[in-house]
Amino acid sequence: MTTLPLYRDDFYLSTAEAVVTAIHEDGAIALDQTCFYAASGGQPGDTGFLERADGSRIELGETRHGADKSVIMHHPLPDQPVPQLGEKLVLHVNWPRRYKLMRMHTACHLLSVVCSYPITGASVGEEESRIDFDMSETIDKDAVTADLMRLVNENHPVYVSWITDEDLASNPGIVKSKNVRPPMGLGRVSLVCIGENSAVDSQPCGGTHVSETQEVGAIHIAKIEKKGKENRRFRIRFGTPE
């Protein structure tokens with residue numbers, strides 16, 4: 001059975017009810033629907049807990065996709081109770097962690113606007129993220145930070161619009177990443193748009209994001225590393241430069 005990914009339509013949904021549809025040999029729990037984000041595109045999967053009718057908890061260590069992206073697997077920490085098939089649970093996302101990841105993922109999109117080079121790799125973290133760009137130019141990290149904070153402080157709206165898999169296949173140029181596949185295979189693809197009428201940016205992305213750039217808060221480029229003749233790694237961190 002497939003899992004309905006509720007987070008695709010509401011990034012701020014942190015709790016929901018769901019029914020257990022399968023329990024796998026490794027202990028992973030499949031549900032009919034979920035607000036837990038499954039790891040993808042450089043963003044880690046959600047953690048949190050599943051609440052049973054008696055108030056007891058099943059603590060989760062990670063959330064991943066199953067054999068394909070139509071199923072989402074909730075992986076409990078060791079020695080957690082095992083639910084029953086058909087059991088109704090209340091899902092609770094670790095919201096402070098998710099919100100940090102939402103802010104940071106949006107910051108990564110802003111960096112791709114400031115540095116308009118093809119992306120060769122990315123990893124979203126709670127305190128630091130990295131993006132690798134296919135570039136050989138030397139660039140000042142303080143200047144990049146200033147441009148990032150300008151976009152943050154302008155408080156542009158961040159929202160999702162949808163196109164079909166076929167639309168994306170016929171317009172491959174809208175994909176900035178060179179090695180991360182856009183979230184295709186479910187019939188529709190989410191475009192994360194920044195600015196009125198996508199004036200700042202628009203790119204395919206299945207991750208979770210804040211609703212306006214001001215929510216990102218203070219961020220800065222902590223380091224720019226040379227990772228080859230034509231590859232630069234940017235490290236983004238929360239807060240102001242030391």
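The strands (runs of 3 or more DSSP E) found entirely in the stretch 200-242 that carry 3 or more residues being at pLDDT 95 or above are 219-226, 232-238.
Let's see how each residue does on (1) surrounded by 18 or more Cβ atoms within 10 Å (Cβ to Cβ); (2) without any contact (Cβ under 8 Å) to a residue 60 or more places away in the chain; (3) not in a loop (DSSP other than H, G, I, E, B):
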{"residue": "69", "(1), (2), (3)": "no, no, no"}
{"residue": "78", "(1), (2), (3)": "no, yes, no"}
{"residue": "85", "(1), (2), (3)": "no, no, no"}
{"residue": "97", "(1), (2), (3)": "no, yes, yes"}
{"residue": "106", "(1), (2), (3)": "yes, no, yes"}
{"residue": "109", "(1), (2), (3)": "yes, no, yes"}
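Candidates are the residues of the stretch 8-64 that are buried (at least 16 other Cβ atoms within 10 Å of the Cβ) and of a type in the set (Phe, Trp, Tyr); the one that is farthest from residue 208 (Cα to Cα) is 49. Taken across the stretch 111-133, residues that are modelled with pLDDT of 95 or more, among the aliphatic types (A, V, I, L, M), assigned to a loop (DSSP other than H, G, I, E, B) and under 24 Å from residue 242 (Cα atoms) do occur, with at least one present. Of the residues making up the stretch 1-44, those that are over 11 Å from residue 73 (Cα atoms), part of a loop (DSSP other than H, G, I, E, B) and not aliphatic (A, V, I, L, M) are 9, 10, 11, 12, 14, 25, 35, 41, 42, 44. Could you say whether any residue in the stretch 28-48 is without any contact (Cβ under 8 Å) to a residue 24 or more places away in the chain and either among the small types (Gly, Ala, Ser) or at positive phi (or both)? Looking for residues that are without any contact (Cβ under 8 Å) to a residue 24 or more places away in the chain and either among the small types (Gly, Ala, Ser) or at positive phi (or both), one finds at least one in the stretch 28-48, hence yes. Of note, residue 180 does not satisfy the criterion of being over 16 Å from residue 99 (Cα atoms), β-branched (Val, Ile, Thr) and at pLDDT 85 or above.
Going through the stretch 117-157 one residue at a time, which ones are farther than 13 Å from residue 107 by Cα and β-branched (Val, Ile, Thr)? Listed by number, the residues that qualify are 119, 120, 138, 139.
The values are calculated or read from the model by the stated rules, or taken from the named source; none is laboratory data. Computed from a prediction, not measured in an experiment: that's the story for all the values here. Glycine gets a Cβ as well: all are built from the backbone with ideal geometry, and neighbour counts include every protein chain shown.
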